[in-house]
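A short write-up of the structure that comes next.
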Amino acid sequence: MSTTTSGRGPGRTHDRAEPRVQDRRQRGQVLSQTWYMTQRQLMAILRQPVFVVITLIQPCIWLFLFGALFRKVVELPGFGAGSYLDYLVPGVVVMSAVSSSMWAGMGTLEEIERGTLNRFLITPVSRSALMNANVIQQGFSTAVQSLVIVLLGKLGGAHYPGGVGGLVLLVVASVLLGTVFGACSNALGMLVRQRESIIGVNSFLLLPLTFLSSAFMAPTLMPAWMRHVAAFNPVNWALVAGRSAMSADPDWGLVLGRGGALLALALGAVWLSTRTLRTYQKAV
(Lines give C-alpha, C1' and ligand atoms only; values in the text may rest on other atoms or scores of the structure.)
Protein backbone atom coordinates (compact mmCIF):
# COMPACT_ATOMS: atom_id res chain seq x y z
CA MET A 1 0.00 0.00 0.00
CA SER A 2 1.39 3.41 -0.95
CA THR A 3 1.74 6.07 1.76
CA THR A 4 3.11 8.91 -0.34
CA THR A 5 -0.29 10.53 -0.96
CA SER A 6 -1.70 10.44 2.57
CA GLY A 7 -0.90 12.08 5.86
CA ARG A 8 2.20 14.23 5.70
CA GLY A 9 4.02 12.32 3.03
CA PRO A 10 5.89 13.93 0.11
CA GLY A 11 2.90 13.45 -2.22
CA ARG A 12 0.74 15.77 -0.11
CA THR A 13 3.51 18.40 -0.07
CA HIS A 14 3.80 18.18 -3.85
CA ASP A 15 0.01 18.62 -4.23
CA ARG A 16 0.11 21.79 -2.14
CA ALA A 17 3.13 23.20 -3.98
CA GLU A 18 1.70 22.67 -7.46
CA PRO A 19 -0.96 25.47 -7.30
CA ARG A 20 1.65 27.93 -6.03
CA VAL A 21 3.93 27.08 -8.94
CA GLN A 22 1.05 27.58 -11.37
CA ASP A 23 0.16 30.93 -9.76
CA ARG A 24 3.74 32.15 -10.08
CA ARG A 25 3.83 31.01 -13.69
CA GLN A 26 0.57 32.84 -14.45
CA ARG A 27 1.81 36.02 -12.77
CA GLY A 28 5.00 35.84 -14.80
CA GLN A 29 2.99 35.47 -18.00
CA VAL A 30 0.81 38.47 -17.11
CA LEU A 31 3.92 40.58 -16.42
CA SER A 32 5.61 39.58 -19.68
CA GLN A 33 2.42 40.17 -21.66
CA THR A 34 1.91 43.55 -19.97
CA TRP A 35 5.48 44.55 -20.87
CA TYR A 36 4.97 43.49 -24.49
CA MET A 37 1.69 45.41 -24.80
CA THR A 38 3.26 48.46 -23.12
CA GLN A 39 6.12 48.42 -25.63
CA ARG A 40 3.53 48.35 -28.40
CA GLN A 41 1.78 51.39 -26.92
CA LEU A 42 5.03 53.33 -26.47
CA MET A 43 6.22 52.55 -30.00
CA ALA A 44 2.97 53.97 -31.35
CA ILE A 45 3.71 57.25 -29.53
CA LEU A 46 7.33 57.37 -30.69
CA ARG A 47 6.18 56.99 -34.28
CA GLN A 48 4.13 60.19 -33.85
CA PRO A 49 6.45 62.66 -32.04
CA VAL A 50 4.30 65.56 -33.24
CA PHE A 51 1.54 64.33 -30.95
CA VAL A 52 3.87 64.57 -27.96
CA VAL A 53 4.79 68.16 -28.88
CA ILE A 54 1.14 69.14 -29.33
CA THR A 55 0.20 67.80 -25.89
CA LEU A 56 2.87 70.07 -24.35
CA ILE A 57 1.85 73.27 -26.15
CA GLN A 58 -1.32 73.87 -24.15
CA PRO A 59 0.33 73.40 -20.71
CA CYS A 60 3.06 75.86 -21.76
CA ILE A 61 0.39 78.39 -22.69
CA TRP A 62 -1.33 77.90 -19.34
CA LEU A 63 1.95 78.20 -17.46
CA PHE A 64 3.28 81.41 -18.97
CA LEU A 65 0.01 83.10 -19.98
CA PHE A 66 -1.73 82.57 -16.64
CA GLY A 67 1.53 83.15 -14.79
CA ALA A 68 1.87 86.60 -16.36
CA LEU A 69 -1.84 87.45 -16.27
CA PHE A 70 -2.44 86.66 -12.61
CA ARG A 71 0.99 87.34 -11.13
CA LYS A 72 -0.34 90.11 -8.83
CA VAL A 73 -2.99 87.85 -7.31
CA VAL A 74 -0.46 86.90 -4.62
CA GLU A 75 -0.73 90.45 -3.28
CA LEU A 76 -4.27 89.75 -2.09
CA PRO A 77 -4.43 89.23 1.70
CA GLY A 78 -4.48 85.56 2.59
CA PHE A 79 -3.13 84.14 -0.66
CA GLY A 80 -0.02 82.88 1.08
CA ALA A 81 2.34 82.19 -1.86
CA GLY A 82 5.61 83.95 -2.61
CA SER A 83 5.02 84.17 -6.34
CA TYR A 84 2.10 83.12 -8.50
CA LEU A 85 4.37 81.01 -10.71
CA ASP A 86 5.39 78.95 -7.66
CA TYR A 87 1.71 78.36 -6.95
CA LEU A 88 0.77 77.77 -10.58
CA VAL A 89 3.27 75.05 -11.55
CA PRO A 90 1.53 72.23 -9.57
CA GLY A 91 -1.82 73.42 -10.93
CA VAL A 92 -0.62 73.17 -14.53
CA VAL A 93 1.01 69.77 -13.87
CA VAL A 94 -2.24 68.37 -12.50
CA MET A 95 -4.47 70.00 -15.13
CA SER A 96 -2.23 68.63 -17.88
CA ALA A 97 -2.49 65.13 -16.40
CA VAL A 98 -6.29 65.37 -16.39
CA SER A 99 -6.70 66.87 -19.86
CA SER A 100 -4.38 64.40 -21.60
CA SER A 101 -5.64 61.30 -19.77
CA MET A 102 -9.30 62.05 -20.43
CA TRP A 103 -8.70 61.37 -24.14
CA ALA A 104 -7.32 57.86 -23.60
CA GLY A 105 -10.69 56.45 -24.59
CA MET A 106 -10.26 57.83 -28.09
CA GLY A 107 -7.28 55.51 -28.60
CA THR A 108 -9.33 52.57 -27.35
CA LEU A 109 -12.13 53.55 -29.71
CA GLU A 110 -9.71 53.67 -32.64
CA GLU A 111 -8.50 50.15 -31.84
CA ILE A 112 -12.11 48.97 -31.74
CA GLU A 113 -12.85 50.59 -35.12
CA ARG A 114 -9.73 49.09 -36.72
CA GLY A 115 -10.51 45.68 -35.26
CA THR A 116 -7.19 45.56 -33.37
CA LEU A 117 -8.79 45.10 -29.97
CA ASN A 118 -11.05 42.30 -31.22
CA ARG A 119 -8.05 40.44 -32.65
CA PHE A 120 -6.27 40.64 -29.30
CA LEU A 121 -9.37 39.29 -27.56
CA ILE A 122 -9.19 36.02 -29.48
CA THR A 123 -5.55 35.47 -28.45
CA PRO A 124 -4.39 33.99 -25.10
CA VAL A 125 -3.15 37.41 -23.94
CA SER A 126 -4.36 38.35 -20.46
CA ARG A 127 -7.21 40.87 -20.34
CA SER A 128 -5.46 42.52 -17.39
CA ALA A 129 -2.33 42.92 -19.53
CA LEU A 130 -4.34 44.78 -22.20
CA MET A 131 -5.66 47.30 -19.67
CA ASN A 132 -2.45 47.51 -17.61
CA ALA A 133 -0.48 48.40 -20.74
CA ASN A 134 -2.79 51.37 -21.33
CA VAL A 135 -2.36 52.47 -17.71
CA ILE A 136 1.46 52.19 -17.81
CA GLN A 137 1.72 53.99 -21.14
CA GLN A 138 -0.55 56.77 -19.89
CA GLY A 139 1.39 57.03 -16.64
CA PHE A 140 4.70 57.27 -18.51
CA SER A 141 3.34 60.02 -20.77
CA THR A 142 1.94 61.92 -17.79
CA ALA A 143 5.26 61.68 -15.94
CA VAL A 144 7.17 63.05 -18.94
CA GLN A 145 4.71 65.92 -19.37
CA SER A 146 4.91 66.74 -15.66
CA LEU A 147 8.72 66.82 -15.68
CA VAL A 148 8.78 69.10 -18.73
CA ILE A 149 6.34 71.52 -17.07
CA VAL A 150 8.40 71.52 -13.87
CA LEU A 151 11.58 72.28 -15.83
CA LEU A 152 9.86 75.08 -17.77
CA GLY A 153 8.61 76.53 -14.50
CA LYS A 154 12.14 76.44 -13.12
CA LEU A 155 13.43 78.26 -16.18
CA GLY A 156 10.67 80.84 -15.69
CA GLY A 157 11.81 81.50 -12.12
CA ALA A 158 9.69 79.14 -10.02
CA HIS A 159 11.07 77.89 -6.71
CA TYR A 160 10.66 74.39 -5.29
CA PRO A 161 11.47 74.42 -1.55
CA GLY A 162 10.62 70.73 -1.19
CA GLY A 163 13.52 69.76 -3.44
CA VAL A 164 13.69 66.69 -5.64
CA GLY A 165 11.64 64.59 -3.21
CA GLY A 166 8.75 67.03 -3.32
CA LEU A 167 8.84 67.15 -7.12
CA VAL A 168 8.83 63.35 -7.32
CA LEU A 169 5.74 63.19 -5.12
CA LEU A 170 4.03 65.83 -7.27
CA VAL A 171 4.72 63.72 -10.37
CA VAL A 172 3.46 60.58 -8.60
CA ALA A 173 0.24 62.38 -7.63
CA SER A 174 -0.27 63.54 -11.22
CA VAL A 175 0.35 59.99 -12.53
CA LEU A 176 -2.21 58.55 -10.10
CA LEU A 177 -4.74 61.19 -11.10
CA GLY A 178 -4.03 60.53 -14.78
CA THR A 179 -4.55 56.81 -14.14
CA VAL A 180 -7.99 57.52 -12.68
CA PHE A 181 -9.19 59.52 -15.68
CA GLY A 182 -7.35 57.42 -18.26
CA ALA A 183 -8.88 54.15 -17.00
CA CYS A 184 -12.35 55.71 -16.79
CA SER A 185 -11.94 57.10 -20.31
CA ASN A 186 -10.98 53.64 -21.61
CA ALA A 187 -14.06 52.17 -19.94
CA LEU A 188 -16.23 54.90 -21.47
CA GLY A 189 -14.78 54.26 -24.93
CA MET A 190 -15.65 50.56 -24.71
CA LEU A 191 -19.15 51.31 -23.46
CA VAL A 192 -20.34 54.09 -25.76
CA ARG A 193 -18.12 53.42 -28.82
CA GLN A 194 -18.83 56.92 -30.13
CA ARG A 195 -16.35 59.78 -30.44
CA GLU A 196 -19.05 62.40 -29.88
CA SER A 197 -19.92 60.94 -26.48
CA ILE A 198 -16.31 60.96 -25.32
CA ILE A 199 -15.82 64.52 -26.55
CA GLY A 200 -19.01 65.65 -24.84
CA VAL A 201 -18.15 64.05 -21.50
CA ASN A 202 -14.59 65.41 -21.55
CA SER A 203 -15.71 68.93 -22.46
CA PHE A 204 -18.32 68.85 -19.72
CA LEU A 205 -15.97 67.66 -16.96
CA LEU A 206 -12.57 69.26 -17.64
CA LEU A 207 -13.18 72.90 -16.74
CA PRO A 208 -15.53 72.29 -13.76
CA LEU A 209 -13.11 69.78 -12.23
CA THR A 210 -10.23 72.23 -12.71
CA PHE A 211 -11.88 75.40 -11.47
CA LEU A 212 -13.61 73.63 -8.58
CA SER A 213 -10.14 73.00 -7.18
CA SER A 214 -7.20 75.05 -5.97
CA ALA A 215 -5.40 74.84 -9.33
CA PHE A 216 -5.40 78.60 -9.94
CA MET A 217 -6.73 80.16 -6.74
CA ALA A 218 -5.86 79.72 -3.08
CA PRO A 219 -8.63 77.98 -1.10
CA THR A 220 -8.78 80.85 1.40
CA LEU A 221 -9.99 83.17 -1.38
CA MET A 222 -12.56 80.75 -2.80
CA PRO A 223 -16.27 80.91 -1.88
CA ALA A 224 -17.23 78.55 0.93
CA TRP A 225 -19.34 76.29 -1.30
CA MET A 226 -16.42 75.88 -3.72
CA ARG A 227 -14.12 74.86 -0.89
CA HIS A 228 -16.61 72.20 0.19
CA VAL A 229 -16.89 70.85 -3.35
CA ALA A 230 -13.09 70.88 -3.75
CA ALA A 231 -12.76 68.68 -0.66
CA PHE A 232 -14.35 65.82 -2.66
CA ASN A 233 -12.62 66.61 -5.96
CA PRO A 234 -9.81 64.14 -6.90
CA VAL A 235 -8.10 66.93 -8.86
CA ASN A 236 -7.80 68.89 -5.64
CA TRP A 237 -6.49 65.81 -3.79
CA ALA A 238 -3.56 65.69 -6.21
CA LEU A 239 -2.96 69.42 -5.81
CA VAL A 240 -3.04 69.32 -2.02
CA ALA A 241 -0.67 66.33 -1.89
CA GLY A 242 1.71 67.81 -4.49
CA ARG A 243 1.83 71.32 -3.05
CA SER A 244 2.30 70.08 0.49
CA ALA A 245 5.15 67.77 -0.60
CA MET A 246 6.81 70.67 -2.46
CA SER A 247 6.66 73.04 0.51
CA ALA A 248 9.61 73.71 2.82
CA ASP A 249 7.74 72.06 5.72
CA PRO A 250 5.52 69.31 4.25
CA ASP A 251 2.38 68.16 6.05
CA TRP A 252 2.90 64.43 5.63
CA GLY A 253 -0.59 63.72 6.93
CA LEU A 254 -2.05 65.58 3.96
CA VAL A 255 0.42 64.00 1.54
CA LEU A 256 -0.28 60.45 2.67
CA GLY A 257 -4.00 60.98 3.15
CA ARG A 258 -4.68 62.54 -0.25
CA GLY A 259 -2.13 60.29 -1.95
CA GLY A 260 -3.71 57.18 -0.43
CA ALA A 261 -7.16 58.31 -1.59
CA LEU A 262 -5.82 58.79 -5.12
CA LEU A 263 -4.18 55.36 -5.08
CA ALA A 264 -7.43 53.70 -3.98
CA LEU A 265 -9.38 55.57 -6.65
CA ALA A 266 -6.82 54.63 -9.33
CA LEU A 267 -7.01 50.93 -8.40
CA GLY A 268 -10.79 51.11 -8.54
CA ALA A 269 -10.71 52.78 -11.96
CA VAL A 270 -8.31 50.15 -13.35
CA TRP A 271 -10.55 47.39 -12.01
CA LEU A 272 -13.56 49.07 -13.65
CA SER A 273 -11.81 49.30 -17.03
CA THR A 274 -10.83 45.62 -16.85
CA ARG A 275 -14.40 44.61 -16.03
CA THR A 276 -15.66 46.78 -18.87
CA LEU A 277 -13.27 45.02 -21.25
CA ARG A 278 -14.70 41.64 -20.22
CA THR A 279 -18.23 42.99 -20.75
CA TYR A 280 -17.22 44.29 -24.17
CA GLN A 281 -15.71 40.90 -25.06
CA LYS A 282 -19.04 39.18 -24.32
CA ALA A 283 -20.89 41.68 -26.52
CA VAL A 284 -18.79 41.17 -29.66
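Descriptive notes on the structure:
- Options Gly139, Gly156, Gly165: the member that is surrounded by 19 or more Cβ atoms within 10 Å (Cβ to Cβ) and of a type outside the set (A, V, I, L, M, F, W, C): Gly139
- Which listed residue, of Val148, Val164, Val74, is of a type outside the set (Gly, Ala, Ser) and touching a residue at least 40 places away in the same chain (Cβ under 8 Å): Val148
- Scan region 74-121 for residues that are over 30 Å from Ile199 (Cβ atoms) and either of a type outside the set (A, V, I, L, M) or out of contact with any Asp or Glu (no Cβ under 9 Å at 6 or more places or on another chain) (or both) and the total you get is 13.
- Test: residue in region 191-212 that is within 11 Å of Val94 (Cα to Cα), of a type in the set (S, T, N, Q) and in contact (Cβ under 8 Å) with a residue 12 or more places away in the chain: yes
Rundown of residues vs (1) in contact with a strand residue (DSSP E or B) (Cβ under 9 Å, 6 or more places away or on another chain); (2) closer than 19 Å to Gln41 by Cα; (3) modelled with pLDDT of 85 or more; (4) surrounded by fewer than 16 Cβ atoms within 10 Å (Cβ to Cβ), yes/no style:
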| site | (1), (2), (3), (4) |
| --- | --- |
| Ser101 | no, yes, yes, no |
| Gly107 | no, yes, no, no |
| Ala129 | no, yes, no, no |
| Asn134 | no, yes, no, no |
| Val148 | no, no, yes, no |
| Val171 | no, no, yes, no |
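- Comparison of Ala97, Ala133, Ala68 shows that the only residue that is within 20 Å of Arg275 (Cβ to Cβ) and in a helix (DSSP H, G or I) is Ala133.
- Scanning region 166-183 turns up no residue that is more than 22 Å from Ala104 (Cα to Cα), touching a helix residue (DSSP H, G or I) at 6+ places or on another chain (Cβ under 8 Å) and outside any helix (DSSP H, G or I).
The rows are residues; the columns are (1) among the polar types (S, T, N, Q); (2) closer than 25 Å to Val164 by Cα; (3) touching a Ser or Thr at 6+ places or on another chain (Cβ under 8 Å).
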residue: Gly189; (1), (2), (3): no, no, yes
residue: Leu205; (1), (2), (3): no, no, no
residue: Ser214; (1), (2), (3): yes, yes, no
residue: Met246; (1), (2), (3): no, yes, no
residue: Val255; (1), (2), (3): no, yes, yes
residue: Leu272; (1), (2), (3): no, no, no
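Residues are listed down the side, and each one gets a yes or a no for (1) over 20 Å from the mean Cα position of the chain (by Cα); (2) assigned to a helix (DSSP H, G or I):
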| position | (1), (2) |
| --- | --- |
| Ile198 | no, yes |
| Asn202 | no, yes |
| Leu207 | no, yes |
| Ala215 | no, no |
| His228 | yes, yes |
| Val240 | no, yes |
| Arg243 | no, yes |
| Asp249 | yes, no |
| Arg258 | no, yes |
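- Val53 being within 20 Å of the chain's Cα centre (by Cα), touching a residue at least 60 places away in the same chain (Cβ under 8 Å), in a helix (DSSP H, G or I) and on the phi < 0 side of the Ramachandran plot: no
- The listed residue being of a type outside the set (D, E, K, R), in contact with a Leu (Cβ under 9 Å, 6 or more places away or on another chain), in a helix (DSSP H, G or I) and under 12 Å from Met217 (Cα atoms), out of Gly91, Gly78: Gly91
The values are calculated or read from the model by the stated rules, or taken from the named source; none is laboratory data. Keep in mind that what you see is a predicted model, and the values were worked out from it rather than measured. Glycine gets a Cβ as well: all are built from the backbone with ideal geometry, and neighbour counts include every protein chain shown.
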